[in-house]
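The values are calculated or read from the model by the stated rules, or taken from the named source; none is laboratory data. Values in this document were obtained by computation on a predicted structure and should not be read as measured data. Methodologically, a virtual Cβ is constructed for each residue, glycine included, from the backbone with ideal geometry; neighbour enumeration extends over all protein chains shown. Side chains are part of the model used for accessible areas, which takes the heavy atoms of the whole protein and leaves out ligands, DNA and RNA. Shrake-Rupley method; radii C 1.70, N 1.55, O 1.52, S 1.80 Å.
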Amino acid sequence: MSALWSYLLISVCLLHELTANDSNPQVGEDRCKNPDGRILTMYPKKIFYNIGDTVTVNCPTGYQPNPSSVRCVKIGSSIGWNNPPQCIGVTMEDRRVTSSSISGRISCTPQCPGIWRFTVQCCAEPYNYISCKTSYDKSVTFTDLQPSTKYRIYTRLSTHWGQSPGIVEVIYIRTEDSVPGKIEIMKVPSMEDNTIRWSLSEEWGKITGFQMNISAWRDYNVSFAVDESLQFPPNVTEYKIPLQYGTNYTITLRGFTSGGAGEVTTQNIETDIGDPPLHMEKTISDVTLWLHPVLSLNGPIRSYEIIVFGGHEGNLTEECLNFKNTLYNSSWTPIRYTAAVLPAEILTSPRTFTLGDNHHYNGFHNAPLIPNHNYTVYIRVTSRWNHVEKSSCSFAGFLQKCCHFLHLGSLSQC
């Protein structure tokens with residue numbers, strides 16, 4: 001008996017709940033029932049709807065109601081919705097992204113209704129209307145996009161009779177990095193400042209590094225060659241190149257992004273020759289002068305000049321460097337003359353040269369030394385290339401012509 005009363009009490013409570021949510025006292029087959037679904041919702045929200053009620057169909061983000069509203073109707077002896085409502089998932093599938101394009105296909109789950117029309121718009125971020133591109137196809141392709149750029153893709157839905165539910169989906173896609181453009185050389189290295197400095201815009205994508213190749217050669221010395229390849233991280237944009245005198249350089253630079261290696265920038269440099277190395281000093285023994293070949297480190301060696309200054313003088317390096325080739329003239333006081341100019345080709349190994357042997361060398365007279373006279377001797381080494389001439393002077397020794405005796409650094413008394 002108690003079980004029967006419990007059943008009757010539960011039934012009354014359920015009936016009261018139903019009538020509280022629906023002002024119409026009718027229930028069951030005389031009304032339309034709210035669809036039982038996890039995605040679809042209806043507004044206003046009820047369990048049952050009366051014949052003639054029009055209800056809005058709502059769907060979560062990424063889904064579109066079909067149709068957007070329904071009406072409870074009686075067709076013959078049946079009561080139901082004039083069009084069964086459903087939520088259709090809308091998304092862009094088969095996405096393909098490059099550095100300059102975005103493509104994809106609008107897909108519906110289940111199938112897109114035939115009356116639906118899509119408008120897909122692609123706009124760069126931050127928003128710039130001029131950059132927007134529009135497609136009216138379900139298969140979309142946007143080209144001529146900027147690399148490494150964030151784009152907002154809007155998918156809008158409308159029906160063939162003009163109804164526009166609005167934006168169905170908004171997604172963000174970043175185009176891939178492209179290979180970078182050419183590096184701009186901001187500072188060209190020189191012998192005074194051997195720093196090379198460069199710059200590269202990130203409009204093609206995030207810079208991941210740089211590569212520098214250096215080739216060096218000398219037209220006057222085929223045995224000289226330098227080839228070097230250097231890698232730099234993206235935060236390094238300068239480098240000190242150990243430049244050498246009288247050398248041709250070809251420097252190539254290119255940047256890298258995740259898209260690969262960029263265009264090559266080439267910088268050609270030719271450095272002037274420098275002062276040749278000094279000849280060995282104090283190489284006089286009696287009246288014999290020892291000559292040694294000098295290496296062509298800073299330019300091609302052209303000649304070796306023996307310069308004789310009359311008198312026992314101090315440091316004459318500056319006078320030697322500024323000295324003009326002068327033929328011997330005994331009437332000049334003080335005596336200063338070129339005893340000989342020897343081309344570099346004939347001095348490929350050490351050799352001796354006798355001061356005052358009364359011979360001519362390349363047009364210059366190695367005049368006999370005057371007895372009881374003091375002499376200061378210098379060796380001037382000269383390089384010449386591309387109309388540039390450089391010289392170095394070294395002290396060979398002091399000489400007194402009296403009894404053919406020489407004392408380096410000071411004169412003995414004869």
Output for segment 145-170, where each listed residue is more than 30 Å from GLY255 (Cβ to Cβ), open to solvent by less than 20 Å² (accessible area, probe 1.4 Å) and modelled with pLDDT of 80 or more: THR155, LEU157
So SER285, is it small (Gly, Ala, Ser), touching a strand residue (DSSP E or B) at 6+ places or on another chain (Cβ under 7 Å), modelled with pLDDT under 95 and open to solvent by 40 Å² or more (accessible area, probe 1.4 Å): no
GLY76 open to solvent by 30 Å² or more (accessible area, probe 1.4 Å) and on the phi > 0 side of the Ramachandran plot: yes
Qualifying residue in segment 119-142 (condition: under 48 Å from the mean Cα position of the chain (by Cα), within 30 Å of ARG31 (Cα to Cα) and of a type outside the set (A, V, I, L, M)): no
Which numbered condition GLY114 fails, given (1) small (Gly, Ala, Ser); (2) touching a residue at least 12 places away in the same chain (Cβ under 8 Å); (3) surrounded by fewer than 16 Cβ atoms within 10 Å (Cβ to Cβ): (2)
Any hit, segment 389-402, residues being at pLDDT below 65 and assigned to a loop (DSSP other than H, G, I, E, B): yes
Of the criteria (1) open to solvent by less than 70 Å² (accessible area, probe 1.4 Å); (2) without any contact (Cβ under 8 Å) to a residue 60 or more places away in the chain; (3) not acidic (Asp, Glu), which one PRO180 fails: (2)
Lone unmet requirement of (1) open to solvent by less than 70 Å² (accessible area, probe 1.4 Å); (2) out of contact with any Gly (no Cβ under 8 Å at 6 or more places or on another chain); (3) within 18 Å of GLU192 (Cβ to Cβ); (4) part of a loop (DSSP other than H, G, I, E, B) for ILE273: (2)
Scan of segment 313-344 for residues that are β-branched (Val, Ile, Thr) and under 57 Å from the mean Cα position of the chain (by Cα), ordered by number: THR317, THR326, THR338, VAL341
Residue match in segment 195-206 (condition: closer than 19 Å to GLU270 by Cα and either of a type in the set (Val, Ile, Thr) or not in a strand (DSSP E or B) (or both)): yes
Unmet requirement for VAL27, which otherwise passes all of (1) at pLDDT 85 or above; (2) surrounded by 14 or more Cβ atoms within 10 Å (Cβ to Cβ); (3) of a type in the set (Val, Ile, Thr): (1)
Number of the exception - VAL140 against (1) touching a residue at least 60 places away in the same chain (Cβ under 8 Å); (2) of a type in the set (Val, Ile, Thr); (3) farther than 26 Å from ILE39 by Cα; (4) touching a Gly at 6+ places or on another chain (Cβ under 7 Å): (1)
Residue that is nearest to GLU281 (Cα to Cα), among those in segment 297-340 that are assigned to a helix (DSSP H, G or I) and open to solvent by 10 Å² or more (accessible area, probe 1.4 Å): THR317
Condition met for GLY89 (modelled with pLDDT under 85, open to solvent by less than 30 Å² (accessible area, probe 1.4 Å) and in contact with a Ser or Thr (Cβ under 9 Å, 6 or more places away or on another chain)): no
Candidate set: segment 200-235, residues that are among the polar types (S, T, N, Q) and under 16 Å from THR252 (Cβ atoms); chosen: the one most open to solvent (accessible area, probe 1.4 Å): GLN231
Qualifying residue in segment 223-243 (condition: among the polar types (S, T, N, Q), in a strand (DSSP E or B) and either under 30 Å from VAL90 (Cβ atoms) or modelled with pLDDT of 95 or more (or both)): yes
